[in-house]
Each structure stands twice: as structure tokens, then as C-alpha cells.
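Below is one structure, written out as C-alpha cells; comments come after it.
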Amino acid sequence: MERLLPDEIVTQVRQIFEKLVNPVQVDLFISEDRSDTCEPTRQLLEEVIPLSDKLSLVVHDLKAEPEMAQLYKVEGKAPAIVVNARDGQTVTDYGIRYLGVPSGHEFSTLINDLLMVSNRDSGLSPEMRTYLKGLTQPLHMEVFTTPT
Amino acid sequence: MLAHAMAMENPKMILAEGVGAMEFYELSEKYGIGAVPDTVVNEGEHRVVGAVPENYMLSELKQLAK
């Protein structure tokens, strides 16, 4: 299959990935009936994740693994990308999801998310951190984006 | 993504989904998404349009009922 990422992007991403600190596990949920968007997403991740040994990819079938889909709150949503921290055998869900094909601007978002999770640091201000840690009600944010 | 950074701070309470507006067209339609980025908070309880700075997002969220 023809590669999605041009050589110069691969070189750039490799350089950026030199800054990765701790392991990150990306879980991708795909579905056959959404193959038009799931397949390019899978291919993109299969090209990006091997560019660093700190990164790993686990691909799930949404319908074959309903318990996993429920655990990650991605039922009926494909493609769904989950960016998890991994420490040894322990995988930590940071509540980070991307639903859709991470192309264009969202490709940069993905790369930045990988770095952020690898650093185990949100980089947020003390005020924001205090507010978020003090939440007493669940907070659900759906950030709608387009590639351009 | 700011929302993703926010989720990291309290993942038991926060779910932050980036959503491709074209790939999830029905969801976009449901919320009437026009300009992006558009952050839908708690199924439409609040909306924050645009790529806003962190302090602005914080002040918007503080208006939500605790």
C-alpha cells in the first residue's frame, strides 16, 4: 500500500519523537461499516507509532470488543483514538479521545498529545489545575474540528 | 489540544473528545456546528467557540453549575 506520510514528514516526526520521555499506548477502535475513515486512520497510526520505541499501538474492533469500547466510552464511535499512558503493564486512561481521521491540523494535535502524555504533564496553569482537580461533577468536552 | 490537557488533570471526572466534524457529521448537525473549533460542554450545557486561551476557557467553565 502506498504510504500516507511523505519522507520529510517522517524525518520531522522522528526528530520530534526524540523528546518522548515515558511510554504511551494508543488504542484505536475501528469498525468495518466505517472503513472509509477507519482504514486511513489505522494506516496513519501504523506509520507514525513505529517511529519511536516509546510508542505502541493496539487496534480494536468496535463490535468484537464491546467491553473495551464501553470501558473507553467509545461505543458506536469509529474511528476512535485513545491516548493512554503506559508504565510497565499498567495502562492509564487520561480521558483523551480523538474521533475521526487525524489529518491536517489534527495530525499536529495527535503529535502534541503524544508528547504531552509521554511527559505526564498537561503544562496547564496552577489556576486551571486547581479548578479541574476540584471538580465535583463530570465534565464532558466535545471539541469539533476540521482538518484545515 | 487544550481540552486534552485538561482531561489529564482529572481523568476520572473529565472526558475530552476531539471530534472530526466531517467524519461525525450527524453529531455536528445535532449541535449545529458552524465555525471550528467549537467546544460543546456537557452535551450542550455550554458552548465555547474558537481556539480560546486557557484563562478564557477557565472563566467560561467557572460559570457552569458546580
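The values are calculated or read from the model by the stated rules, or taken from the named source; none is laboratory data. It should be emphasised that the depicted structure is a prediction, and the values quoted were computed from it without experimental measurement. Note that each Cβ is placed from the backbone with ideal geometry, even for glycine, and that neighbours are counted across all protein chains shown. The area values use the complete protein model at the heavy-atom level, side chains included, leaving out ligands, DNA and RNA. Shrake-Rupley method; radii C 1.70, N 1.55, O 1.52, S 1.80 Å.
Scaling the Cα radius of gyration of segment A:7-133 by the globular reference 2.2 N^0.38 Å produces a ratio of 1.07. Among beta bridges from DSSP that stay inside the protein assembly as shown, the antiparallel ones total about 55%. Per residue, chain A reaches -11000 deg cm²/dmol at 222 nm when only DSSP H runs of four or more residues are counted, each adding -39500 (n - 2.57). On a per residue basis, chain A carries 49 Å² of accessible surface, using protein heavy atoms and a 1.4 Å probe.
Each residue of segment A:139-145 was assigned a 3J(HN,Hα) from its phi angle through the Karplus curve 6.51 cos²θ - 1.76 cosθ + 1.60 (θ = phi - 60°); the sequence is 10, 10, 10, 10, 9, 7, 9 Hz, with glycine and proline shown as x. Heavy atoms of chains B and A lose about 4500 Å² of accessible surface on contact, summed over both sides with a 1.4 Å probe. Applying the criteria of a DSSP loop state and at most 11 other Cβ atoms within 10 Å to the GluC sites (Glu not before Pro) of segment A:1-55 yields A:2, A:18. Each 10 Å bin from zero holds the following percent of Cα-Cα pairs in the protein assembly as shown: 8, 35, 38, 17, 2, 0.
Think of a 1.4 Å ball rolled over the protein heavy atoms: chain B then has 49 Å² of accessible area per residue. Placing R0 at 30 angstrom, the Cβ-Cβ distance between residue B:59 and residue B:31 gives a FRET efficiency of 0.85 after rounding to 0.05. Quantify, in whole percent, the carbon and sulfur part of the accessible surface of chain B (1.4 Å probe; protein heavy atoms only). Carbon with sulfur: 54 percent of the solvent-accessible area.
Once you have the Kirkwood Rh of segment B:2-61 from its Cα pairs, apply Stokes-Einstein at 20 °C and 1.002 mPa s and quote D in µm²/s. Answer, rounded: 174 µm²/s.
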